[in-house]
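Working notes for the structure below.
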């Protein structure tokens, strides 16, 4: 068993259960006392080492010991589709390598239960309703759980030529107010949207923080008052039957 110091640039989440660095392909989860929940979707590095006959490797920060997880290049270049696949694999045990059909709407806004993804106009209408009726569930205060997701929605124009209309990301781990996402970014030309061979990137956001929340980090990408909401899997879909 090998031990190495935590790589530079990685910092602890709120309660120290994870060490992250934004736009990274790695995440470190604490083992032993007060251990972290394994992050969704990522591969345990020690499993890969075992397959090669190598001894386990752990990382240290102070007195705490961490295990490394890495992203897999197995996603379509579609942020909402990736979010929905992650949410439903989390909801359906034993379906870690399953894939959703690309045509379909699989998620709903968390507070209203209304379906997301049917159209840009529909997404905007839902965002307006949530902002009006449940403002503490939007923007910096949007608070998805592990196995749910974020979505920031552009509110001013639905012309595709003006750019992306939203960005979504699945939450693969949480620690206090911190949420860790496994993100992919769409391509306006549709490149990479048909094959599950694209890598993701890991990012951390803090719920309730005006600058470091998902909304705080993404609002400037969508002009004129975008709205951020939380997503969860559609409640009327059986996660064991849709793949």
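A few remarks follow.
- Cα-Cα separations in the chain greater than 25 Å, expressed as whole percent: 42 percent
- For the chain, averaging the sequence separation of C-alpha pairs within contact (under 8 Å, six or more residues apart) and dividing by the residue count gives a relative contact order of 25 percent.
- Estimated D of segment 12-70 in µm² per second, where Rh is the Kirkwood radius over Cα pairs and Stokes-Einstein applies at 37 °C, 0.692 mPa s: 276 µm²/s
- Axis of helix 120-133 versus longest Cα principal axis of the chain: the two differ by about 80°, to the nearest ten degrees.
- Axis of helix 79-91 versus longest Cα principal axis of the chain: the two differ by about 60°, to the nearest ten degrees.
Only the coordinates and a few stated rules stand behind these numbers; no lab work does. Nothing here was measured: the structure is a model prediction, and the numbers come from that model.
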